[in-house]
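Novice: If you scroll down you'll find the structure; I have some questions about it.
The values are calculated or read from the model by the stated rules, or taken from the named source; none is laboratory data. Because the structure is predicted, anything quoted here is derived from the model rather than measured. Cβ: placed from backbone, ideal geometry, glycine included. Neighbour counts: every protein chain shown.
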Amino acid sequence: MVVAAPGIGRPSKAHTAGRGLPELCLRIMSTQTHGLSPNSPLPTEITVHSASRVLEITFNDGRRFRLPFEFLRVFSPSAEVRGHGPGQERLQVGKRDVTIRSVDTVGHYALQPVFSDGHDTGLYSWDYLYELGINHEAMWADYLRRLEAAGASRDSATSDSLTPDAIREVKRHG
């Protein structure tokens, strides 16, 4: 399977990556692609590596990031994950084995992946993907600390997320 959208990019050849899962690749070839701000770095190539569960994205400033699917899922920019205001975010648990089923481009500014757990409401702007790449290590370390503090697991199958109140309750009785 190859990801592309009219006017945004020309897909490269699809490759089969381990276990018969497709590798998705999009080469950004259009000057119509833009970020949310005038100085935003823009992607030049995006590859979804299904076997290793990594989204690889190269930007026009030369930076290249490899973002694991689990990382993308737990830091989804959706209201389901972030909430609608401060204190409403939900700690995502049990996402270690999440995969990406498909990816759509949204306009000239974002990707919208569909994850294997059914989550499909996150719009990952080029700006946000760049921010995730720059801050990947610190964000991941903070996530692991919050997960441990909540007594939750990356492998948990009991709940997809914990509300701040549930986290406080786990801390109180944990």
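Novice: Here is a list: 131, 137. Which entry is among the acidic types (Asp, Glu), closer than 22 Å to residue 42 by Cβ and at pLDDT 95 or above? Don't jump to the end; show me each part of the working.
Specialist: On the way: 137 fails: closer than 22 Å to residue 42 by Cβ.
Testing whether each residue is among the acidic types (Asp, Glu), closer than 22 Å to residue 42 by Cβ and at pLDDT 95 or above leaves just 131.
Novice: Please identify the pairs in which a residue from segment 72-83 that is free of Cβ contacts under 8 Å to residues at least 60 places away in the same chain has its Cβ atom under 9 Å from the Cβ atom of a residue that is among the hydroxyl-bearing types (Ser, Thr, Tyr) and in a helix (DSSP H, G or I), counting only partners at least 6 apart or on another chain.
Specialist: 77/128
Novice: Taking residue 109 as the residue in question, decide whether it is hydroxyl-bearing (Ser, Thr, Tyr) and out of contact with any His (no Cβ under 9 Å at 6 or more places or on another chain). Spell out the reasoning first.
Specialist: Details: hydroxyl-bearing (Ser, Thr, Tyr): yes; out of contact with any His (no Cβ under 9 Å at 6 or more places or on another chain): no.
Taking the combined requirement at face value, the residue does not satisfy it.
Conditions (1) without any contact (Cβ under 8 Å) to a residue 24 or more places away in the chain; (2) out of contact with any strand residue (DSSP E or B) (no Cβ under 7 Å at 6 or more places or on another chain); (3) part of a loop (DSSP other than H, G, I, E, B), marked per residue:
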residue	(1), (2), (3)
86	yes, yes, yes
94	no, yes, yes
103	no, no, no
108	no, yes, yes
117	no, yes, yes
121	no, yes, yes
127	no, yes, no
131	yes, yes, no
136	no, no, no
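Novice: I'm checking my understanding of the structure. Among residues of segment 47-83 that are part of a loop (DSSP other than H, G, I, E, B) and under 14 Å from residue 115 (Cβ atoms), which one is farthest from the chain's Cα centre (by Cα)? Quick ask: steps written out before the conclusion?
Specialist: Of segment 47-83, the ones part of a loop (DSSP other than H, G, I, E, B) are 50-53, 60-63, 75-78, 83.
Imposing the further condition that a residue be under 14 Å from residue 115 (Cβ atoms) reduces the set to 50, 53, 75-78.
On the way: 50: 13, 53: 11, 75: 6, 76: 6, 77: 8, 78: 11 Å.
Per the stated criteria, the residue is 50.
Novice: In addition: List pairs: first in segment 39-52 and charged (D, E, K, R), second in a strand (DSSP E or B) and at pLDDT below 95, Cβ under 8 Å, 6+ apart or cross-chain?
Specialist: As it stands, the answer is 45/25; 45/26; 45/27; 45/28, since those pairs meet every condition given.
Novice: I'd like the full set of residues that are more than 24 Å from residue 40 (Cβ to Cβ), surrounded by 14 or more Cβ atoms within 10 Å (Cβ to Cβ) and among the small types (Gly, Ala, Ser), limited to segment 56-104.
Specialist: Listed by number, the residues that qualify are 83, 94, 102.
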